[in-house]
Amino acid sequence: MDWLVRDIRYSTRSLLRDKGFAATTILTLSVCLAINSAIFAIVNSVLLRPLPVPEANSILLMANQYPGAGVTDSHNSGSGDYYDRLREVPAFQEQAMFRMEAQTLTIDGRAERVP
């Protein structure tokens, strides 16, 4: 334990002797700690914390691909595909349809952009 106290005293004297190096070192450490905390917060919220729904591990995303029709990288399903799955695929408890891009809906003759 005595060597730890000596090392701390020596490092403090060295940092006080060269103030430019000390400022650079402290700034570098603080920036690195801030970036590390931000990355951990993102990883924790996206990957480590489970989704706030019951049985989140049973959620499945289904999409259709039509490479022969000239449609590339399409991961959207139309409403017809959704209703076909409702009728023809009894393996799922529930199904829902969503779109990742905003849509324009007309309700009572008034158009509204819905994200």
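Table for the structure above
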| read-out | value |
| --- | --- |
| Ile59, sole failed condition from (1) open to solvent by 100 Å² or more (accessible area, probe 1.4 Å); (2) β-branched (Val, Ile, Thr); (3) over 21 Å from Phe98 (Cβ atoms) | (3) |
| Residue check for Leu16: in contact (Cβ under 8 Å) with a residue 24 or more places away in the chain, of a type outside the set (Asp, Glu) and open to solvent by 100 Å² or more (accessible area, probe 1.4 Å) | no |
| Residue in the range 98-115 that is modelled with the highest pLDDT, counting only those that are among the small types (Gly, Ala, Ser) and touching a strand residue (DSSP E or B) at 6+ places or on another chain (Cβ under 8 Å) | Ala111 |
| Subset of the range 98-115 [in a strand (DSSP E or B), farther than 29 Å from Ile59 by Cβ and open to solvent by less than 90 Å² (accessible area, probe 1.4 Å)] | Ala111 |
| Selection from the range 66-97 of residues that are open to solvent by 70 Å² or more (accessible area, probe 1.4 Å), assigned to a loop (DSSP other than H, G, I, E, B) and at pLDDT 75 or above | Pro90, Ala91, Phe92, Gln93, Glu94, Ala96, Met97 |
| Matching entry among Ser45, Ser37 (being open to solvent by less than 80 Å² (accessible area, probe 1.4 Å), under 19 Å from the mean Cα position of the chain (by Cα) and under 30 Å from Glu94 (Cβ atoms)) | Ser45 |
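The values are calculated or read from the model by the stated rules, or taken from the named source; none is laboratory data. All of these numbers come straight from a predicted model, not from anything done at the bench. Quick reminder, even Gly has a Cβ in these numbers, built from the backbone with ideal geometry, and neighbours come from all protein chains shown. The protein model used for the area step is the full one, side chains on, heavy atoms only, and it has no ligands, DNA or RNA in it. Shrake-Rupley method; radii C 1.70, N 1.55, O 1.52, S 1.80 Å.
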